[in-house]
Amino acid sequence: MAALANTVLTTAAVGNREELSDIVSMITPTDTPIYSMAGKEKFSSKHPEWEYEALEAPGENAQPEGNEFDFDEQEVPTRVGNYTQIFRKTWVYSGTQQAVDNAGNQEKAAKAKMKAGINVRKDIELSIVSNTASVAGGTRYSGGLPSWLTTNVSRAGSNGGFNSGTGLTVAETTGAQRAFTKTLLDTVMQSAYQSGGNVTDVVVSPYVKSVFVTFMSDTNVAAFRYAAAGKGKNTIVGTADIYEGPFGKVTVKPNRVMSTSATARRAFLLDPDLVTWGSLRPIQEAETAKTGDSEKGVILTEGCLKIGNEAGLGVVADLYGLTSGT
């Protein structure tokens with residue numbers, strides 16, 4: 001009987017050299033800043049729902065002496081939800097490939113398991129930053145951040161948002177791209193502040209992070225001052241990580257996952273207390289039946305994004321996210 005489809009055989013493996021070093025560096029980026037900062041929660045269904053409500057706007061409040069109480073109308077909380085998405089990575093190796101002295105063991109199942117776990121987390125990060133509407137049914141999709149944010153936004157296109165009629169989020173409509181500027185950042189930070197948000201992190205593409213650094217040349221930004229030692233080596237400083245603007249202090253973080261034309265075009269303004277990744281099934285190794293002369297493995301997880309209240313977050317969208325013109 002033929003080998004199972006996609007089984008890695010010794011005849012196809014490239015690392016089976018006895019003289020090579022047994023240490024192989026994994027250079028694939030593993031950074032997942034939003035998934036890492038998000039709170040973690042256990043879900044008990046494939047369609048978790050939750051509620052959030054806004055505080056009332058301040059109003060004049062002076063009551064007469066001896067007045068009989070009257071009672072305010074209570075606002076009904078907004079009920080929202082998302083759908084859990086199943087993430088999976090698999091591998092299969094022939095028994096011979098497992099037994100040979102393989103260079104660095106990079107093609108063996110133990111290494112494959114570790115790589116699969118890393119890659120699943122990166123796929124989760126991608127689902128968070130992608131402009132994906134939530135989808136119910138057999139193949140479910142977790143609605144990504146762009147499909148939630150409608151209150152504190154700067155877009156050349158139009159909002160998506162949660163649709164209470166369908167119980168699904170709607171993807172944003174993209175518009176003409178523009179450069180990331182201090183004015184755009186300040187405008188959305190102000191909107192989030194006035195909405196009651198406490199934004200602490202701004203997550204951007206690597207290119208947009210380099211644009212943020214140029215804010216240092218803005219005439220309204222205080223210049224860096226470093227004491228240069230009279231002897232020894234000095235450092236040219238060409239970076240910045242924290243922005244303290246009129247409406248608070250934020251840490252600006254580059255995200256390697258946001259390195260495609262679809263994902264690089266947004267800057268997310270986040271309050272980690274309002275962003276949660278909920279798991280119906282945590283990242284785990286699934287059991288597989290032993291069939292044939294091979295070793296198979298599966299890493300899977302099921303979960304979705306939970307936004308505590310989108311009015312506490314923000315986004316600057318439709319940016320040049322890869323270059324000055326794309």
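The values are calculated or read from the model by the stated rules, or taken from the named source; none is laboratory data. None of the values given here were measured: they were computed from a predicted structure. Backbone-built Cβ (ideal geometry, glycine too); neighbour counts: all protein chains shown.
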- [ ] Scan segment 305-326 for residues that are out of contact with any Leu (no Cβ under 8 Å at 6 or more places or on another chain), closer than 21 Å to residue 273 by Cβ and not charged (D, E, K, R) and jot them down.
- [x] 311
Open item on the list: For segment 105-158, give me each residue that is hydroxyl-bearing (Ser, Thr, Tyr), within 19 Å of residue 306 (Cα to Cα) and touching a helix residue (DSSP H, G or I) at 6+ places or on another chain (Cβ under 6 Å).
Closed with: 142, 151
Open item on the list: I'm trying to understand the selection: among the residues of segment 119-137, which are assigned to a helix (DSSP H, G or I), β-branched (Val, Ile, Thr) and surrounded by fewer than 20 Cβ atoms within 10 Å (Cβ to Cβ)?
Closed with: 120
- [ ] From (1) modelled with pLDDT of 95 or more; (2) closer than 23 Å to residue 78 by Cα; (3) in contact with a Ser or Thr (Cβ under 7 Å, 6 or more places away or on another chain), pick out the condition that doesn't hold for residue 184.
- [x] (2)
Task: Extreme residue, surrounded by the fewest Cβ atoms within 10 Å (Cβ to Cβ), among residues of segment 31-75 that are aromatic (Phe, Trp, Tyr) and closer than 30 Å to residue 129 by Cα - done: 52
- [ ] Give segment 42-74 a look and list any residue that's closer than 23 Å to residue 152 by Cα and touching a Lys or Arg at 6+ places or on another chain (Cβ under 8 Å), or say none.
- [x] 49, 50, 51
TODO: State which residue is farthest from the chain's Cα centre (by Cα) when the search covers only segment 273-288 and only residues that are buried (at least 16 other Cβ atoms within 10 Å of the Cβ) and under 26 Å from residue 187 (Cβ atoms).
DONE: 274
- [ ] Among the numbered conditions (1) among the aliphatic types (A, V, I, L, M); (2) buried (at least 18 other Cβ atoms within 10 Å of the Cβ); (3) more than 17 Å from the chain's Cα centre (by Cα); (4) in a helix (DSSP H, G or I), tell me where residue 110 comes up short.
- [x] (2)
